[in-house]
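Since the structure comes first, as structure tokens, the remarks are kept for the end.
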Amino acid sequence: MNESPLLEVRNLQKSFTVKKGFFGSSKQLRAVDGISFAIRKGETFSLVGESGCGKSTTGRLVTRLLTPNDGEVIFNGTDISRFNENQMRPLRKDMQMVFQDPYASLNPRMKVKELVAEPLLIHTKLSAKERDKLAGELLETVGLNSFHAERYAHEFSGGQRQRIGIARALSVRPSLIVADEPVSALDVSIQSQVLNLLQDLQEEYGLTYLFISHDLSVVEHISDRIGVMYLGTLVESADKDTLYDRPLHPYTQALLSSVPVPDPKLKKERIILKGDLPSPVNPPTGCRFHTRCPACMEVCKQKAPVFREVEPGHQVACHLYDEEIMKQA
Ligand code: SF4
């Protein structure tokens, strides 16, 4: 694995204006509120958290389907956070997305060969014959057959459709793939097949993945490092083994307690979080997790914890790991 980051995100912020009712006042929904991370070439970095935590918005900011309000997106050493569509066009082929719902993301009126070759049509000067040939080869690469090229997406199962989506993303040989919940619509048995395929392709093509999921059990196999998000912020980040063996943040601990373990003798006590995820329009004061945290202290209600490194490569945002605060608590 190459050590230089392919993607670096610094203090990324994105708000949306939301309005309650026709005459209601406008409020800012802070979907992503100052997150930073870097992904090395050939690495898989996963963003995990409940629905509404800002992880999908982050994926769209990174690929510049959305423009950040603040912060930087540095891709291959260039800050692309303010690039306009003209400036982004040549970069689009280098960063592709794979979406959650393969059916919704594939045009039902197009044949599979057209779907797979569409990015080639946009980004290359290949002839129709060359595109068809490549589409057939790509289908074989993702475990389908080249004769599937003449069919339509509705003729395939969910897992096969996701393979078509992956072939399409691969067609322009991107260096970064942002996979947004790519297996959450699939049966568990099919999930592992698609995850294995993504890993095989990573090795073969040297791909870098930003993998987005609500489920820590899904990302365990595929990730090198993991970032846990809560209400628009990163609360913990570490390499996979450290995060699963020694989770520090109470939110990560709660998420991990609900991951099923294959050995029944290793039964874990499940931590049930109280309450629902608060609204990002009106996030709690202090630590955003304090309304649900089983370890909440008085200071947590007033003071937001800083996201800091507590051991090499392991960052957490929680007062429990701040010596100064704990001396006073
Ligand atoms: Fe819980 Fe306080 Fe840590 Fe937030 S800062 S996670 S409320 S202990």
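Here are the numbers:
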item: Shape of region 50-105, Cα gyration tensor, a/c cut at 1.5; result: oblate
item: Any cysteine of the chain lacking a neighbouring Cys Cβ under 4.7 Å - listed by number; result: Cys53, Cys318
item: Per-residue [θ]222 nm for the chain (sum of -39500 (n - 2.57) over DSSP H runs n ≥ 4, rounded to 500); result: -9000 deg cm²/dmol
item: Relative contact order (%) - the chain, alpha-carbon pairs under 8 angstrom, separation at least six; result: 19 percent
item: Residue among Leu126, Leu144, Gly165 farthest towards the positive dipole end of region 100-173, charges placed on Cβ; result: Leu126
item: Cα gyration tensor shape for the chain, rounded if a/c is under 1.5, else prolate or oblate; result: prolate
item: Cα lying deepest toward the dipole's positive end in the chain, options Val259, Ile80, Met297, charges on Cβ; result: Ile80
item: Total charge dipole magnitude, the chain, about the Cα centre, Cβ charges on Lys, Arg, Asp, Glu only, Debye to nearest 20; result: 1120 debye
item: Stretchable slack from Glu203 to Arg82, in nm (0.36 nm times residue separation minus alpha-carbon distance); result: 40.4 nm
item: Cross-link pairs beyond the 19 Å C-alpha cut-off, checked among Lys55/Lys93; Lys20/Lys55; Lys14/Lys55; result: Lys55/Lys93; Lys20/Lys55
item: Cβ charges +1 (Lys, Arg) and -1 (Asp, Glu), total dipole of region 1-84, debye; result: 440 debye
item: Stretch gain in nm, segment Ser146-Asp241, where the contour uses 0.36 nm per residue and the Cα spacing is subtracted; result: 30.3 nm
item: Packing-based ranking, highest mean first, of 223-235, 74-86, 114-126 given that Cβ atoms within 10 Å are counted; result: 223-235, 114-126, 74-86
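Where a number appears in this text, it was derived from the coordinates with a stated rule and is not lab data. Small disclaimer: the values here were computed from a predicted structure and weren't measured. Note that each Cβ is placed from the backbone with ideal geometry, even for glycine, and that neighbours are counted across all protein chains shown.
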